[in-house]
1. Leaving ligands, DNA and RNA out of it, rank B:E455, A:E15 by accessible area with a 1.4 Å probe, largest first.
2. Based on DSSP H runs of at least 4 residues, each adding -39500 (n - 2.57), what is the mean residue ellipticity at 222 nm of chain C after dividing by all its residues, to the nearest 500 deg cm²/dmol?
3. In the full protein assembly as shown, how much of C:I100 is accessible to a 1.4 Å probe, in Å² to the nearest 10?
4. Tally up the carbon and sulfur contribution to the accessible surface of the protein assembly as shown as a whole percent, 1.4 Å probe, everything protein left in place.
5. ³J(HN,Hα) across the stretch B:328-333 via Karplus (A = 6.51, B = -1.76, C = 1.60, θ = phi - 60°), whole Hz, x for Gly/Pro?
6. How far is helix B:381-390 tilted off the main Cα axis of chain B, in degrees rounded to 10, range 0 to 90?
7. List, in order, the whole-Hz ³J(HN,Hα) value for each residue of the stretch B:359-369 obtained from phi through the Karplus relation with A = 6.51, B = -1.76, C = 1.60 and θ = phi - 60°; use x for Gly and Pro.
8. Amide H neighbours of B:T380 under 5 Å, counting only residues 5+ apart in sequence or on other chains, H built in-plane at 1.01 Å?
Amino acid sequence: MSDTATRLQHHFANEEQQLDASTFGMWVFLVTEILFFGAVFCAYIVYRTHYPEVFAHGAHHLDVVLGAFNTVVLIASSLTMAMAVHSARVDEQRDLARYLVGTMFLGLVFLGVKAYEYTHKFHEGLFPGNFFYQADDAPLQRLFFSIYFTLTGLHAVHMIIGIAILAVILVQAMRHHYGPRWHTPVEIMGLYWHFVDLVWIFLFPLLYLIGRHG
Amino acid sequence: MEAIERRVNYLNVDHGIRSWLLTVDHKRIGLLYLVSITIMFFLGSLMAGAVRAELLTPQGDLMQSDTYNKAFTLHGIIMVFFFLIPSIPAVLGNFLLPIMIGAKDLAFPRLNLLSWYVYIVGASIGIAATIGGGLDTGWTMYTPYSTGYATTNVVFPALGIFITGFSSILTGLNFIVTVHKMRAPGLTWFRMPLFVWAHYATSLVMILGTPVIAITVLMVGLDRGLGLGIFDPKAGGDPVLFQHLFWFYSHPAVYIMILPAMGVISEVIPAFSKKRIFGYGFIAASSLAIALIGFLVWGHHMFTTTQSMYAALVFSVLTFAVAIPSAVKVFNWTATLYKGAVSFEAPMIYALGFIGLFLVGGLTGLFLGALGLDLHVHDTYFVVAHFHYIMVGGAIMGYMAGLHFWWPKITGRMYNDLAAKAAALLIFVGFNLTFFPQFIAGYAGMPRRYHYYPEEYQVLNVLSTAGASVLGLGYLLPLFYLLFSLRFGRHAGRNPWGAFGLEWMIESPPTPHNFDHTPTVTWEPYDYPEMHKLPTRIGESRSHVTLAEGQPTPPEGLAHV
Amino acid sequence: MSTHHYDPAATVRSYLMVFGALMVFTALTVAAAYIDMGAMNNVVAMAIAITKAVMVMLIFMHVRESSPLIWLTIASGVLFFLIMVGITMIDMTSRGLMGILGK
């Protein structure tokens with residue numbers, strides 16, 4: 001089924017209204033995500049203000065190289081996602097599928113690195129709560145890692161969900177469901193994916209890059 | 001009187017349980033919600049019954065302290081999260097909003113159905129948590145008790161709340177996009193019914209606030225399950241931070257509960273005064289103002305914590321400010337009544353009751369917003385009485401008013417007005433008998449959340465429990481006469497009340513797509529003096545057969561911003 | 001998002017330029033973290049992050065071509081986040097300032 005058949009749902013007057021509504025709807029959802037992550041950022045800001053040395057010290061346990069690498073990977077995945085949307089618009093079906101695969105692949109690389117980092121932390125005794133046994137600065141350093149794992153864990157969950165949805169979209173793309181006339185799921189999934197990238201753009205300096213000097 | 005039209009309507013267009021469980025029709029989804037939240041209301045009422053029964057005597061003799069703690073906790077959680085927050089928006093909002101703006105459905109019908117299923121999952125978890133032993137932290141789940149010391153299962157009910165939050169978010173999202181993008185031609189923002197304005201403002205609060213409670217209860221779950229320590233003082237955490245994040249949502253949540261009710265009142269008052277509403281623009285703007293300023297006052301729940309004095313001052317001032325738009329509404333409703341042709345059908349009785357009870361609740365909110373006075377009455381029955389005046393005397397009365405006003409439209413049947421009036425009166429009397437003594441008891445020092453109390457408070461408590469019994473009876477009655485009307489009620493025509501609005505120009509019950517053709521709106525809202533010049537029917541095709549599927553609507557220039 | 005006046009070549013170019021810029025800024029933020037600028041470290045890090053975020057939003061997320069409604073939507077999200085953090089921080093940073101015990 002190509003995209004030339006109408007996808008117009010009965011309650012919309014025309015396709016432009018439908019796309020407009022879908023795009024606006026995704027933005028409204030992203031606003032909820034700003035507040036969702038925002039509350040954890042709020043906890044971060046409160047505690048970092050109270051315990052700056054603890055946070056600086058905690059950040060030393062994080063690997064800047066891995067963090068920077070992941071940042072590059074995620075930004076690259078945003079590029080491939082944007083190119084996927086573009087491919088749909090200009091009816092380049094093979095490119096669309098390739099860019100979707102690329103985005104998913106880069107997402108999995110990101111998650112792989114995070115899995116490695118998490119395992120490493122676990123073995124160092126830095127996984128928070130009942131598994132925490134770092135001696136220095138405990139229990140306060142535990143607070144840094146609670147925030148670290150909550151923020152990055154939440155982010156990782158969003159990525160996993162994103163990759164899963166991209167898989168569905170990829171299947172549809174390979175069946176040539178998308179084209180210049182209709183590619184709404186690709187567009188709005190693009191918005192979601194870029195948002196996940198945005199969160200990381202803030203997470204990286206806030207978690208990995210504090211207290212690196214001196 | 002119109003002959004009964006045998007058109008296909010949304011109720012008879014399809015049969016069988018699959019057609020209900022897989023529907024994407026906003027009207028059917030509204031009814032699905034109606035059944036679900038009614039069940040949750042009765043569950044929450046049982047909890048209230050347990051509380052009031054225990055408080056008949058000064059001794060804690062009916063149940064253990066732990067059991068009592070669970071009773072009031074579950075009462076709060078069920079009533080707030082599983083009844084009040086969805087109530088008007090999910091039932092009446094879902095049903096009416098598209099019709100009121102001339103649309104054939106909400107922007108995202110499948111998301112609408114999803115929101116109901118998400119609600120069902122969350123509510124089921126809530127019920128399971130209740131049966132499985134309950135929660136005893138109070139609905140506010142303050143840390144570190146909830147994260148570290150409670151012996152009840154905290155994570156499970158927290159999960160139920162987390163999931164139900166997404167139902168709320170999906171509803172709000174749907175409403176916002178629908179209002180922006182799907183208004184009929186000619187229906188400018190300032191021609192929208194105030195019910196729609198109220199739901200738009202409510203949706204803003206749902207979108208901006210709910211994610212915060214979701215992540216906060218998630219963090220409580222992580223704290224408890226994994227020992228994270230985000231809110232644990234022993235780990236360097238700040239329990240007051242939990243309260244900030246909790247109340248950042250939970251205060252605006254009360255506006256989620258009251259704004260839709262105010263929207264109902266803004267429809268009922270003009271309809272039963274046969275008069276244009278006074279100050280339409282101000283009422284519309286006040287809904288937005290309440291939504292916005294409502295986000296700035298959450299710290300007034302924390303005056304007795306270690307929250308700084310400066311912050312407390314800021315919150316106190318802003319709390320006084322948020323009362324102003326509410327007062328604007330009350331003045332405007334009253335001005336609408338003045339010199340109107342007022343009639344006292346059941347919806348109007350509820351609406352008038354709302355105005356009086358909301359006034360008391362709102363004013364006592366100001367008392368609580370005053371720092372000095374709050375220190376004296378915080379955590380006493382004064383607070384309990386205040387919020388019940390707003391949530392029961394306000395929100396639930398508004399819900400009942402709406403249910404009774406639009407019942408003929410939803411079902412096509414009229415209920416027995418005498419029975420309805422009797423129920424309304426019982427509810428009004430029972431309510432005041434239940435909660436007014438609580439103002440006195442609280443001011444005299446009786447603390448909340450205790451099941452034993454000094455002897456001198458007994459008289460007030462007995463009055464309160466007596467009132468609760470009357471109130472309970474009042475709430476049971478509609479179950480009977482409304483259900484009775486479904487089978488035996490007189491068929492309602494399009495506009496049994498002679499009210500103004502697009503919903504009163506279509507069939508009762510509405511056809512599956514509300515309108516065959518999207519109407520064009522040329523009139524100002526609530527224009528009762530000119531109502532006789534307007535069509536009595538709108539958006540219909542000439543034939544009386546099932547409307548043709550996939551029939552394209554004429555491409556008019558759509559009013560969408 | 002209408003597809004008329006869509007210039008494919010210009011669009012792809014803008015994506016690649018933004019990608020390049022984001023790489024540069026990432027390197028910059030890492031480098032800046034190792035230079036001691038005192039309190040300015042935070043400011044610089046956030047300024048760079050916000051710049052990157054704005055680029056992603058405007059170009060990758062097409063906000064540059066979006067309606068004022070979308071701009072308003074994004075602004076409200078950011079505004080309410082700032083309200084939540086801002087007023088909470090008013091509490092957190094002003095405790096004890098009035099010399100009242102426990103406040």
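1. Listed by decreasing accessible area, they come as B:E455, A:E15.
2. For chain C, the value works out to -23000 deg cm²/dmol.
3. 80 Å²
4. So the carbon and sulfur contribution to the accessible surface is 70 percent.
5. 4, 4, 4, 4, 5, 5
6. That works out to roughly 10 degrees.
7. Here the 3J(HN,Hα) series is 4, 4, x, x, 5, 5, x, 5, 4, 5, x Hz.
8. When sequence neighbours closer than 5 places are left aside, the close amide H contacts are B:R448.
The values are calculated or read from the model by the stated rules, or taken from the named source; none is laboratory data. Note that the coordinates shown come from a computational prediction; the quantities given were computed from them, not determined experimentally. Note: ideal-geometry Cβ built from the backbone for every residue, glycine included; neighbour counts use all protein chains shown. Surface accessibility is based on the protein's heavy atoms, side chains included, excluding ligands, DNA and RNA. Shrake-Rupley method; radii C 1.70, N 1.55, O 1.52, S 1.80 Å.
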